[in-house]
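*Asks:* Shown below is the structure under consideration.
The values are calculated or read from the model by the stated rules, or taken from the named source; none is laboratory data. Predicted model, so just to flag it, every value in this text is computed and none were measured. Every residue, glycine among them, receives a Cβ derived from its backbone with ideal geometry; neighbour counts consider all protein chains shown.
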Amino acid sequence: MRAQAPKEVDVRSFRRRLLRWFDREQRVLPWRGEKDPYRILVSEIMLQQTRVAVVGQRYGRFLKQFPTVATLARAREQTVLAAWSGLGYYRRARALHAAAKAIQQRRAFPASAKELQELPGVGRYTAAAVASIAYGEPAAVVDGNVKRVLQRLRGRNLRDEECWAEAERLLASDRPGDFNQAMMELGAVVCVPARPNCSECPVTSMCIAQGKDHAQKPQQRRKEILNLSLRRRNGSIFLKQRAWDSSVMPSMWELPTLHARPAEKPAIQLRHSIINTDYQVNVFANGAPSLQQGRWIELRSARRLPLTGLARKILLRLELLSSR
Ligand code: SF4
């Protein structure tokens, strides 16, 4: 029988099957069942780019050394980096340390995904994972595993925003933390990249791909318009740093995005291609980015920052950076 597209299936049935499978099959891991937001934050940051087996060995030891957010915030950076040894990608340790200090300054752990995202280095994925698992907030997560599952369920490639929308639509709001972990677990142990084990999958009858690797199909190039803000003041420029857990260009600096195109004419226009998308880029000199964290940075310092390729291209085009 042909699989139904997920938009036609009973979403409640999808949630029920997935959660029943998770209750029965989930791996025993040191952070399972944890409700302390600090300990969940530590596990989520460790798990971003390190294998579960390695994190399993280091998680308990790290928490023994830094049992609370206060102990981590008080620690010297060198001590935190030493404790992170073996996990790799040390910028995550620096981000976690900075987040602990910010939490101490606030005098309270952020109480929602929105507040968590205000912490340095915490992006949408990490904020939603912590808030859903610790507080039961109905915030869906999309990481590499979840994205692969969603794309196979739908039988086609999905843009990031489509993935987030689909994850939110499927989310079981009565058990959001378990549901998010179940989606990630499914991608990690059943719906694996090379050979998904569809015969063990709890939602096979609702999946369009059913093991046929749609990712092998040639991808169509997408066309998008990007409106960016270029603000200058006394030899400085306003730049924004991408979250460390961004799937693309983590921690790099870029010009802030404008959510609406201003009425004025762009200062410059250019084309830029990333992966399978061709962007028409409009840069506005007076457009003020709303609600975006960023910093004024002296132009002579900007050239030493890890800029995105597009930011570097724009600054070179405007002769604000030297090519050397
Ligand atoms: Fe993945 Fe197969 Fe399950 Fe579809 S049926 S979600 S491809 S494991």
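*Asks:* Please find, among A128, A113, the residue that is buried (at least 24 other Cβ atoms within 10 Å of the Cβ), of a type in the set (G, A, S) and not assigned by TED's automatic domain parsing to the domain that holds R242.
*Replies:* A128
*Asks:* Among the residues of the stretch 259-266, is there at least one that is more than 13 Å from the ligand (Cβ to nearest atom), among the basic types (K, R) and modelled with pLDDT under 90? Reasoning before the result, please.
*Replies:* Step one: filter the stretch 259-266 for residues more than 13 Å from the ligand (Cβ to nearest atom), giving 259-266.
Of the ones still in play, those that are also among the basic types (K, R) are 261, 265.
Adding the requirement that they be modelled with pLDDT under 90 leaves 261.
Within the stretch 259-266, one or more residues are more than 13 Å from the ligand (Cβ to nearest atom), among the basic types (K, R) and modelled with pLDDT under 90.
*Asks:* Do we find a residue being within 13 Å of the ligand (Cβ to nearest atom), in contact (Cβ under 8 Å) with a residue 12 or more places away in the chain and not acidic (D, E) anywhere in the stretch 159-169?
*Replies:* No: zero hits.
*Asks:* Any residue in the stretch 289-301 that is of a type in the set (D, E) sitting within a Cβ distance under 7 Å of a residue that is part of a loop (DSSP other than H, G, I, E, B) and modelled with pLDDT of 65 or more? List the pairs, counting only those 6 or more apart or interchain.
*Replies:* E298/G235
*Asks:* How many residues, within the stretch 173-210, are part of a loop (DSSP other than H, G, I, E, B) and either under 17 Å from L158 (Cα atoms) or more than 10 Å from the ligand (Cβ to nearest atom) (or both)?
*Replies:* Number of matching residues: 10.
*Asks:* Is at least one residue of the stretch 67-78 surrounded by 12 or more Cβ atoms within 10 Å (Cβ to Cβ), under 19 Å from A131 (Cα atoms) and touching a residue at least 24 places away in the same chain (Cβ under 8 Å)?
*Replies:* So far as the stretch 67-78 goes, yes, one or more of its residues are surrounded by 12 or more Cβ atoms within 10 Å (Cβ to Cβ), under 19 Å from A131 (Cα atoms) and touching a residue at least 24 places away in the same chain (Cβ under 8 Å).
*Asks:* When you go through (1) touching a residue at least 60 places away in the same chain (Cβ under 8 Å); (2) farther than 23 Å from V52 by Cβ; (3) surrounded by fewer than 21 Cβ atoms within 10 Å (Cβ to Cβ) one by one for R175, which number turns out not to apply?
*Replies:* Of everything listed in (1) touching a residue at least 60 places away in the same chain (Cβ under 8 Å); (2) farther than 23 Å from V52 by Cβ; (3) surrounded by fewer than 21 Cβ atoms within 10 Å (Cβ to Cβ), R175 misses just condition (2).
*Asks:* For the stretch 80-100, what are the residues that are touching a helix residue (DSSP H, G or I) at 6+ places or on another chain (Cβ under 8 Å), at negative phi and surrounded by fewer than 17 Cβ atoms within 10 Å (Cβ to Cβ)?
*Replies:* Selection gives L81, Y90.
*Asks:* Among the residues that make up the stretch 285-300, is at least one of them within 20 Å of the chain's Cα centre (by Cα), at pLDDT 85 or above and in a loop (DSSP other than H, G, I, E, B)?
*Replies:* Within the stretch 285-300 (the criterion being within 20 Å of the chain's Cα centre (by Cα), at pLDDT 85 or above and in a loop (DSSP other than H, G, I, E, B)), the answer is no, since none of the residues qualifies.
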